[in-house]
1. Can you find even one residue in segment 214-232 that is modelled with pLDDT under 95, under 18 Å from Cys163 (Cβ atoms) and open to solvent by 60 Å² or more (accessible area, probe 1.4 Å)?
2. Can you find a residue in segment 133-141 that is basic (Lys, Arg) and out of contact with any strand residue (DSSP E or B) (no Cβ under 8 Å at 6 or more places or on another chain)?
3. Any chance segment 90-108 includes a residue that's part of a helix (DSSP H, G or I), open to solvent by 10 Å² or more (accessible area, probe 1.4 Å) and among the β-branched types (Val, Ile, Thr)?
4. Here are the criteria: (1) touching a residue at least 60 places away in the same chain (Cβ under 8 Å); (2) outside any loop (DSSP other than H, G, I, E, B); (3) open to solvent by 20 Å² or more (accessible area, probe 1.4 Å). Tell me which single one Thr244 does not satisfy.
5. Mind listing whichever residues of segment 110-121 are at pLDDT below 95 and either open to solvent by less than 30 Å² (accessible area, probe 1.4 Å) or within 26 Å of Leu8 (Cα to Cα) (or both)?
6. How many residues does segment 122-150 hold that are without any contact (Cβ under 8 Å) to a residue 40 or more places away in the chain and either open to solvent by 40 Å² or more (accessible area, probe 1.4 Å) or not in a helix (DSSP H, G or I) (or both)?
7. If you scan segment 43-68, which residues turn out to be surrounded by 15 or more Cβ atoms within 10 Å (Cβ to Cβ), of a type in the set (Asp, Glu) and free of Cβ contacts under 8 Å to residues at least 40 places away in the same chain?
8. Among the residues of segment 122-142, is any of a type outside the set (D, E, K, R), over 30 Å from Val35 (Cα atoms), under 15 Å from the mean Cα position of the chain (by Cα) and at pLDDT 95 or above?
Amino acid sequence: MSLPHFYLHDQVIADESAESFPLRLARDDAKHARVLRLAPGEHIAVVDAAQDYFECEIVSFSDQIPLVRVAQRFERGSNGPSVVLVQGLAKGDKMETVVRHATELGVSGFVPLSCERSIVKLDAKKAASKAERWRAIAKSAAMQSGQRAVPEVSAPLSLAEACAFAKNATAVLICWEEAPQTARLEDAIARGLMRNGMPADEARIVVVVGPEGGLTQREVDALLECNPSSALVTLGPSILRTETAGIVAPALVLYELGRMAAASDRGDAGDGADPLPNGASEGESARAPEQAGEAGEAGRRTLDPARAPRKGLL
């Protein structure tokens, strides 16, 4: 059974000298602990401000604050690959749905993107309020799913800001309905890893999904130009809703990175994706066709299995 997870913002457990000590939980986390009806003798997982990971036993409660002792300290280890989702602003509660479920999968961060076809238009005040709401959802989902860290959520960015953000990524994968069916996600990842000399378990991948109306040709061109390892990818033959693609696309990327890392550990050179597929010469990349259709429900197609490694904005 997975342990309840809690995150400390200003407390480093290694600095605690007493055998038992209070956890300085944020107010909402303390409330969550009460809702769980935790009792003395029960164990919880704690990630402290130094990003160290502990299993703690609850000793008692003092004014509803848990007093704990360290049961064991887990090895820090590698955080694994990082996948950041650049999600076109979507209407209603679709952004909340994407943030919640993509966090459960292991996405490291979210960058809301203000697109030309976004129905939602946010001023600075509303954008700040929405970002705080999305951060709260990411934290709740991370606690529920036992993530080692809470994903970062940025304020909504413009296209130029998103391109600047993505320029140092290992690969930028642009999910677009006009991508050819040969533009395979795993091939784009493999090219990015090869170009950057990066093992799969250290990759930093940016995944871009458009809003309800889809990405425009201008937006696609800018995203393709922002990074030498930018590529269009198809998610399959079906047209997906933006909130579906925002979950499926990073899940597939995490799955592929995990598979490639496992193959590398086993020394199975032939088990990963071909880094230069379809006879491409080195330096070629999977780029867009010249023409863009006015297709709806932003560039997204699927299906494949899903799994997840790990964490933080680039």
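1. Looking through segment 214-232, none of the residues is modelled with pLDDT under 95, under 18 Å from Cys163 (Cβ atoms) and open to solvent by 60 Å² or more (accessible area, probe 1.4 Å).
2. Yes, segment 133-141 has at least one match.
3. Checked against the condition, which is being part of a helix (DSSP H, G or I), open to solvent by 10 Å² or more (accessible area, probe 1.4 Å) and among the β-branched types (Val, Ile, Thr), segment 90-108 yields at least one hit.
4. Only one criterion in (1) touching a residue at least 60 places away in the same chain (Cβ under 8 Å); (2) outside any loop (DSSP other than H, G, I, E, B); (3) open to solvent by 20 Å² or more (accessible area, probe 1.4 Å) is unmet by Thr244, namely (1).
5. Correct list: Ser118 only.
6. 11
7. Answer for segment 43-68, where residues must be surrounded by 15 or more Cβ atoms within 10 Å (Cβ to Cβ), of a type in the set (Asp, Glu) and free of Cβ contacts under 8 Å to residues at least 40 places away in the same chain: just Glu57.
8. Among the residues of segment 122-142, not one is of a type outside the set (D, E, K, R), over 30 Å from Val35 (Cα atoms), under 15 Å from the mean Cα position of the chain (by Cα) and at pLDDT 95 or above, which makes the answer no.
The values are calculated or read from the model by the stated rules, or taken from the named source; none is laboratory data. All values derive from a computational prediction rather than experimental measurement. Here the Cβ is made from the backbone with ideal geometry for all residues, glycine too, and neighbour counts use every protein chain on show. Each accessible area value is taken on the protein alone, full model and side chains, heavy atoms only, with ligands, DNA and RNA left out. Shrake-Rupley method; radii C 1.70, N 1.55, O 1.52, S 1.80 Å.
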